[in-house]
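The values are calculated or read from the model by the stated rules, or taken from the named source; none is laboratory data. This one's a predicted model, so the numbers in the text were calculated from it and none came from an experiment. Just so you know, the surface numbers come from the protein's heavy atoms only, side chains and all, with ligands and any DNA or RNA stripped out. Shrake-Rupley method; radii C 1.70, N 1.55, O 1.52, S 1.80 Å.
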Amino acid sequence: NRRKKKDANILEIPSIPNPFPELCCSPFASVLSASLLPKATSRKKQVVKVYSEDDTSRALEVPSDITARDLCQLLILKNHYIDDHSWTLFEQLTHTGLGRAIEDHELVMEVQSNWGMEEESRLYFRKYYAKYEFFKNPVSFFPDHMMSFSSETSAAISHSGILQIFLNSSTYPEIHGFLYAKEQGRKSWKKLYFFLRRSGLYFSTKGTSKEPRHLQFFCEFSNSDMYMSLTGKKISGSPTNYGFCFKPNKSGGTRDVKQLCADDEQSRTCWMTAVRLLKYGMQLYQNYMQPYQGRSGCSPLNMTPMRSISENSLVAMDFSGHRSRIIENPTEALSVAVEEGLTWRRRGCLRLNSHGSPTAMPNIGMSIHRSQSWFHHKISRDEAQRLILQHGLVDGVFLVRDSQSNPKTFVLSLSHGLKIKHFQIVPLEDDGKLFYTLDDGHTRFTDLIQLVEFYQLNKGVLPCKLKHYCARIAV
């Protein structure tokens, strides 16, 4: 009985609340609650595979939130390349012949997550000089006949103010013009008059009328990416070689792709640049300005563009006197280049034989250019144009190749005015000596290296100087 009374007294004692309930847990649970644990700071990593122009590839383990710009910076450091702010990451859909330059702020893993299982897709790392060229030279990208402004905007707007309207104004300029559109579910193409507005892309069902009852919606851009056609007419069967399209991020296949093509390169460049500005706006300008953020006196859209590294290094110098000087006269620069080239050839064409005496190498001038990055051995005209297009149609992008029509001559392929032009380099023999010329012998060079270096300093008979060469890099 006493034991029962004692147990009853114990049961009647009121329970005391636990002041630390978070410490009372099962032995299988964590000692501390999840809210008290510090958040994990480690970032997940994934493997990404990047290709180069010569189809070599490199696999890198990178954070899952890495941007295209950061990945380019990583490849530049690993390969010891010079960063001239033109390195770009490209997305190429091999099966459909489409490609695009990935914007610097885009997440690489998000781009890869949009790839379909049936698509053969790759990431390429190369230079693209036209990525932000429209900030430097908007006149070439936005012709007057393709633009119209609202009544609120002054009709006599200067070209320097075009970008301010694209980026800052609520009254977005209207881009208009004819485009060929591929009809849904058919192989045929139809020429229609299109209008680009903030709400999307429209076409007129009645000529060039822009009345609301005649406008039909074509596509919008928030959930799609814009690609350029890399194969021209081969795959899509388009009327021209200037094709581009809009592909939804989560596409069910090629049936969801909206395909268009323009009459010329200037028209295609205008449409594609306007869509980029419409979709990303100030983000593009921030990407462009990021390398120059630390520079003083950089006002928006008024900053003097930096000269390229190759352009800064190409200055004709005279070291014959006590003090060096810059040679500004093109005629004097040519004579100095010829004299130095002859001296270099005489010195380079001599090699010591087994007895220690110099031996002449008669054919070195015919092959020395093959080691240069700008020389592409036996590539076709179409392949040369594709290479230059991939590097961007900026004035001065060039390469030198063997001529297919005449095995003894060479061809200089050069970008100027959004067009690719080809100039024949002809060998001439005079008094037993071999020279190369672009202007029927008026200006002669002892080898192709001398010729290229001269036209990097002087435009001569060319429409512009040689600025950026196309090279097949390795990663």
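Side notes on the structure shown:
- Part-to-part distance (alpha-carbon centres) for the stretch 432-464 and the stretch 167-209, which is given in Å: 46 Å
- Pairs exceeding a 29 Å alpha-carbon distance, out of K49/K136; K127/K182; K233/K419; K233/K279; K78/K247: K49/K136; K127/K182; K78/K247.
- Reduced Cα scattering model of the stretch 381-469, Debye log10 I(q)/I(0), q = 0.11, 0.12, 0.13, 0.18 Å⁻¹: -0.29, -0.35, -0.41, -0.76
- Values of log10 I(q)/I(0), in the order q = 0.12, 0.27 Å⁻¹, for the stretch 45-127 under a Debye, Cα-only, solvent-free model: -0.32, -1.65
- The stretch 381-469 - percent of accessible surface contributed by carbon and sulfur, probe 1.4 Å: 46 percent
- Accessible surface computed residue by residue for the stretch 45-127, with neighbouring protein chains in place and a 1.4 Å probe, gives 45 Å² per residue.
- Solvent-accessible heavy-atom area per residue, rounded to whole Å², over the stretch 381-469 at 1.4 Å: 45 Å²
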